[in-house]
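Here is the structure we will look at.
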Amino acid sequence: MSELLLPASYLLITGASSGIGRKLAVRLSQQHRLILNGRDQDRLAETLKLCYQPERHLSFAYDLADVDTLADSLATFLVKNGVVVGGLVHCAALLNVLPLRSITLSHAQSVMNVNMFAAMELTRVLLRKPVNHRALRAIVFISSIASQFGAKGFSAYCASKAALDGLMRALAIELAPHVRVNSVLPGGVRTPMTDAMYADPAVSDRLTRDYPLGVGLPSDIADAVQFLLSDQARWITGHQLVVDGGRSANISA
Ligand SMILES: NC(=O)c1ccc[n+]([C@@H]2O[C@H](COP(=O)([O-])OP(=O)(O)OC[C@H]3O[C@@H](n4cnc5c(N)ncnc54)[C@H](OP(=O)(O)O)[C@@H]3O)[C@@H](O)[C@H]2O)c1
């Protein structure tokens with residue numbers, strides 16, 4: 001797969017220390033050399049241990065909420081390690097389910113920073129010729145069906161994912177034909193992000209009932225990302241790929 005990525009280039013995966021990002025890293029470690037991002041060095045080390053040939057991969061521990069220094073920090077990391085990045089998967093995200101009256105502006109800004117501005121800054125660095133030598137070929141943003149639908153307590157998260165998809169479409173046009181840019185929009189998948197929701201039997205029953213194909217797994221999302229990064233998707237850009245077991249098509253839910 002991913003013949004479109006240059007053989008010597010790395011794939012940068014944010015959110016690689018948990019859930020969908022970890023599953024993706026383990027899966028793609030067979031075909032790619034990876035740079036794994038998360039905040040927690042120990043959790044990143046756990047992901048690395050699960051990867052194929054751990055010594056081939058690198059970890060870049062960084063808090064993506066610090067968007068002001070992100071571009072320079074990543075540039076320094078790439079130059080220091082003498083590596084270039086051919087693919088970016090932005091999977092990290094912050095979700096706190098809170099009614100609007102309880103959200104502070106600074107919390108909303110952190111959500112926007114991690115979920116959207118970090119994607120913009122990472123892309124910006126990977127386009128710098130002296131740093132990444134035109135190696136970038138494909139970008140996948142992990143969005144959510146929450147970019148298209150609402151839910152109580154999801155205002156900051158929905159806004160951030162809608163912004164991420166807007167960024168995706170604009171970049172798909174701006175960066176063509178050299179770089180393809182797409183989003184994957186998962187429905188409910190059981191991960192540490194959603195464990196608390198699924199722990200409530202009433203919520204878990206409802207979620208299971210509303211999904212025609214049942215509840216999704218991190219591997220279902222990894223399948224979609226793997227496809228979008230691959231040569232089989234060479235003519236696909238600017239696309240929102242919904243992977244939700246039919247949830248968003250289900251008007252009886
Ligand atoms: N699970 C679902 O049902 C679902 C549905 C729709 C969309 N999604 C999307 O799928 C993606 C993965 O979600 P998940 O369910 O796998 O969540 P998860 O298990 O909670 O993982 C979230 C990841 O984001 C990283 N992260 C959070 N804040 C960060 C920060 N400030 N700086 C750097 N990394 C940060 C975490 O790293 P550390 O905490 O280790 O730093 C962790 O690796 C997200 O974009 C989410 O919005 C998930």
Can you give the Rg to Rh ratio of the chain, both from alpha-carbon atoms, with Rh computed by the Kirkwood formula? 0.95
Test of understanding: what is the full-extension gain from ALA151 to LYS80, defined as 0.36 nm times their sequence separation minus their Cα-Cα distance? 21.2 nm
Residue-normalised 222 nm signal for the chain, counting each DSSP H run of n ≥ 4 as -39,500 (n - 2.57), nearest 500 deg cm²/dmol, is -11500 deg cm²/dmol
Per residue, what volume in Å³ does the convex hull of the Cα atoms of the stretch 159-253 enclose? 115 Å³
Neighbourhood net charge (14 Å Cβ-Cβ; Lys/Arg +1, Asp/Glu -1) for VAL131: +3
Between LEU105 and TYR52, how many nm apart are label points set 7 Å from Cα along the C-beta direction? 4.9 nm
Taking a point 7 angstrom from the Cα of TYR198 along the C-beta vector, which residues in the stretch 36-65 have backbone N less than 14 Å away? none
Please work out how much length the chain gains when fully extended from LEU217 to ASP68, using 0.36 nm per residue of separation minus the C-alpha to C-alpha distance, in nm with one decimal. 50.3 nm
How high is the relative contact order of the chain, in percent, with contacts defined as C-alpha pairs under 8 Å that are six or more residues apart? 20 percent
Whether the stretch 8-91 is rounded, prolate or oblate, judged on the alpha carbon gyration tensor where a/c under 1.5 counts as rounded: oblate
With labels modelled as points extended 7 Å from the Cα through the Cβ direction, what inter-label distance (nm, one decimal) is found for GLN31 paired with ILE251? 3.8 nm
Nearby lysines by direct alpha-carbon distance to LYS129 (threshold 29 angstrom, same-chain neighbours under 8 apart not counted): LYS80, LYS161
Once you have the Cα-Cα distance between VAL97 and GLN41, take 0.36 nm times their residue separation minus that, and quote the gain in nm to one decimal. 17.6 nm
Tell me, what is the percent relative contact order of the stretch 150-219, built from C-alpha pairs under 8 Å that lie six or more residues apart? 23 percent
Quick one: net charge around VAL181, please, counting Lys, Arg +1 and Asp, Glu -1 for every other residue with C-beta under 12 Å from its C-beta. +1
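Here, each number is a calculation from the coordinates, and none is a lab measurement. Here the structure is a predicted model, which is why all the values come from computation and not from measurement. Here the Cβ is made from the backbone with ideal geometry for all residues, glycine too, and neighbour counts use every protein chain on show.
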